[in-house]
Ligand code: 5GP
């Protein structure tokens, strides 16, 4: 059994976060350390530590990350100019919190993804 992170506590609203969206599968909240004018994290409500732990039973929740990203991007007014969706995996991928999360980043032009 993987160890819970602070993100599970955010899902259960046990610690504060600026939650923008929540349903039975996913929760979206503003990143505490935004790297762009819009920086939102969208996470499955159940703990999946990394992409390496993904199975077919997670497809509904993980698919929902994209539909919620699309909805939030529209609400934030960044759809037309564009934005970036990022999922980091493990140490070399730069993952710090071991509860899968999609970063929705935008609001200004972003640099090249790989450098
Ligand atoms: P990672 O590097 O794992 O892909 O990204 C983790 C993200 O979670 C970081 O951008 C970090 O700022 C954010 N983060 C870490 N702890 C908290 C927290 O307690 N609340 C919120 N809202 N964001 C957090």
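No lab work stands behind these numbers, since they all come straight from the coordinates. Remember, it's a predicted structure, so these values are computed and weren't measured experimentally. Because the Cβ atoms are built from the backbone with ideal geometry, glycine has one as well, and the counts that use them run over all protein chains shown.
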Residue in the stretch 73-80 that is part of a loop (DSSP other than H, G, I, E, B), out of contact with any strand residue (DSSP E or B) (no Cβ under 6 Å at 6 or more places or on another chain), surrounded by 14 or more Cβ atoms within 10 Å (Cβ to Cβ) and without any contact (Cβ under 8 Å) to a residue 40 or more places away in the chain present: yes
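Within the stretch 41-68, take every residue that is touching a residue at least 40 places away in the same chain (Cβ under 8 Å) and in a helix (DSSP H, G or I) and give me the one that is surrounded by the fewest Cβ atoms within 10 Å (Cβ to Cβ).
Result: 53.
For the stretch 10-19: of the residues being more than 11 Å from the ligand (Cβ to nearest atom) and over 22 Å from residue 59 (Cα atoms), which is surrounded by the most Cβ atoms within 10 Å (Cβ to Cβ)?
Narrowing the stretch 10-19 to residues more than 11 Å from the ligand (Cβ to nearest atom): 11-14.
Checking the rest, the ones that are also over 22 Å from residue 59 (Cα atoms) come to 13-14.
Details: 13: 11, 14: 9.
This residue is 13.
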Criterion violated by residue 96 - all others in (1) more than 15 Å from residue 30 (Cα to Cα); (2) outside any loop (DSSP other than H, G, I, E, B); (3) within 14 Å of the ligand (Cβ to nearest atom) satisfied: (2)
